[in-house]
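Each reported figure results from applying straightforward, stated rules to the coordinates on display, with no laboratory input. All of these numbers come straight from a predicted model, not from anything done at the bench. Virtual Cβ from ideal backbone geometry, glycine too; neighbours counted across all protein chains shown.
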Amino acid sequence: MAGDNGLRLLGAKNLPEKKQKHVLPKVLDTESRPGTWRARGKSLTAILCLWAFAPFLTLLAIISWIRHKLWGGTFEKGGSAKKPLRILVTGGKMSKASAVARAVGREGHTVFTAEISPYQLCHTRFCTYVSKHYVLPRPTNHPKEWEATIQRIVKEQSIDLIIPCTAPVESTAYAHLKQKLPSNVRVFAFDGPTSDELDNKFTFNQVLENAGLPCPQTAQMTCLDDALRFFETLQPNGKKFIVKPAVYDPKARTEILFLPIEDKERQWKYLASRNATKEVPYVIQEVLQEPEYGCYAFYNQGHLTGFELFESAASCLVYRQLQKQYEEVRDLCKGLGKSMNLTGQLTLDLMHTAHGQLVPIECNPRIHSAVCTLEGHRNLAAAFADANFIPESDAEIVTSKPETFRYWIMDQMFLLAGFWKPKNCFKLSVLQMLKGGDALLSGDDPLPFLAMYLIQIPSLLALEIIRGTDWLKIDFCIGKIVKEGGD
């Protein structure tokens, strides 16, 4: 009888009797595979490594707190809270969320934070300026429950403003949320149609063309015939093209082939394997040259209110102002905001043409982690919270100081320890780290710094020990464990 109960727990009761006896050994075999236990060991080692640094991290936090108490200088006081607001900052697992919560909280606004499960122990709930933290359903999996929860929080806390700091797959939900909220509640994000237009690489390219702004040659691909027609009519000019999803898709096939190629059969098979449709469109875009840069910009009523330009990488956890071509990209962002009368925030990925011109290759209509370099600016809270804030001059635009240099210290420690290879990221020397500071550490609010490294990430790693799943790296910036096909 005990054996029968065990099989029922494993879901074997509906199998033929001859096959039931094979279920339990197979499950146990899966649990005891060497790779599963190796993954658990890796997660446990990472937790122990983080906790081993606890005394050092605590010392850094105490020094930062004492320095703030004695000399101040952590931030410049602005004037955005003439009318204090009640603000909900979502995406609480992200470093950018704590930066935004601090920025508006310092000005006297009442701040609440929220994040989806399993990030109940996210670092922002420990922020000095956060009054209460909420756990949300996933908008991608449970959209109705998510919307109902947001509506409940808005009503319960009399929210005036929502500032989304969420993952890419969730950001579109907030763009389309505006029209469903009470008229007095603002969302600091583009409206749904604008967000969709910017998020799609082809329609964004059309926006740039129509505004007379520089852009790479780009064509839409909604079926195989679109691609075949494009390459058949392409004039020989030496340009190469890549095919990629028109909208962010973490599960999209990632093989890259520079087209056109002489082997037409291989080219046809490659294009056909994209499986492009109107529902899942792709773009064919001109190949540009490195280095790749990124810029973060936010707007109000078509005016540029904040800007940062930085050197980019696939896994970017080091930020400082890039002065080369700074004014060129800032003017491009000004033109984009004016042409679309934007209110919200976006990130541009930029690369160089063969002639050295820097052009945007795609737009991500959401906040960027580079906000960490802007923290402390006197107008940062106003740029987020004041519906009437418009800079009177370029000097009033929120920008970083040229010497500002931010990174995540445990990311660099894990790189040095060899947890993952320094591929598509920035690895710093100890001397370089001494010239900057941790993006999470602020003297007036040191607990989120400790909570990210000693609570949030260890709690996620503990779940990986239970599951026995492998992972690629820890992204301390966005506060998650990175796996194959993640969001």
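Observations
- Farthest positive-ward along the chain dipole, Cα basis, beta-carbon charges - from Leu60, Val287, Phe310: Leu60
- Loop-located trypsin sites (Lys or Arg not before Pro) in segment 187-292, at most 13 other Cβ atoms within 10 Å (DSSP): Lys240, Lys251, Arg253, Lys278
- Lys, Arg +1 and Asp, Glu -1 on Cβ, resulting dipole of the chain about Cα centre, debye, nearest 20: 1600 debye
- Antiparallel %, DSSP beta bridges [both residues in the chain], to 5: 65 percent
- Normalised by the number of residues in the chain, the average gap of Cα pairs under 8 Å and 6 or more apart makes the relative contact order 21 percent.
- Spacing of the modelled spin labels on Gln217 and Ile261, each 7 Å from Cα toward Cβ, amounts to 2.0 nm.
- Separation between Cα centres of segment 33-85 and segment 391-407, rounded to whole Å: 24 Å
- Cα-centre dipole for segment 290-407 with unit charges at Cβ (Lys and Arg positive, Asp and Glu negative), debye to 20: 160 debye
- With 18 Å as the limit, the listed pairs Lys77/Lys155; Lys96/Lys244; Lys77/Lys401; Lys42/Lys480; Lys42/Lys473 have Lys77/Lys155; Lys96/Lys244 beyond it between alpha carbons.
- Residues His123, His377, arranged from fewest to most other Cβ atoms within 10 angstrom of their Cβ, appear as His377, His123.
- Kirkwood-Stokes translational diffusion coefficient of the chain, alpha-carbon pairs, 4 °C, 1.567 mPa s, µm²/s: 53 µm²/s
- Rounded Å value of the spacing that divides the Cα centres of segment 204-244 and segment 336-386: 24 Å
- Straight-distance crosslink candidates among lysines, where the alpha carbon sits under 20 Å from Lys338 and sequence neighbours closer than 8 are dropped: Lys201
- Relative frequency of Cα-Cα separations exceeding 16 Å in segment 290-407, percent: 57 percent
- As a proxy for reagent exposure, ranking Ile367, Ile261, Ile466 by other Cβ atoms within 10 Å from fewest up yields Ile466, Ile261, Ile367.
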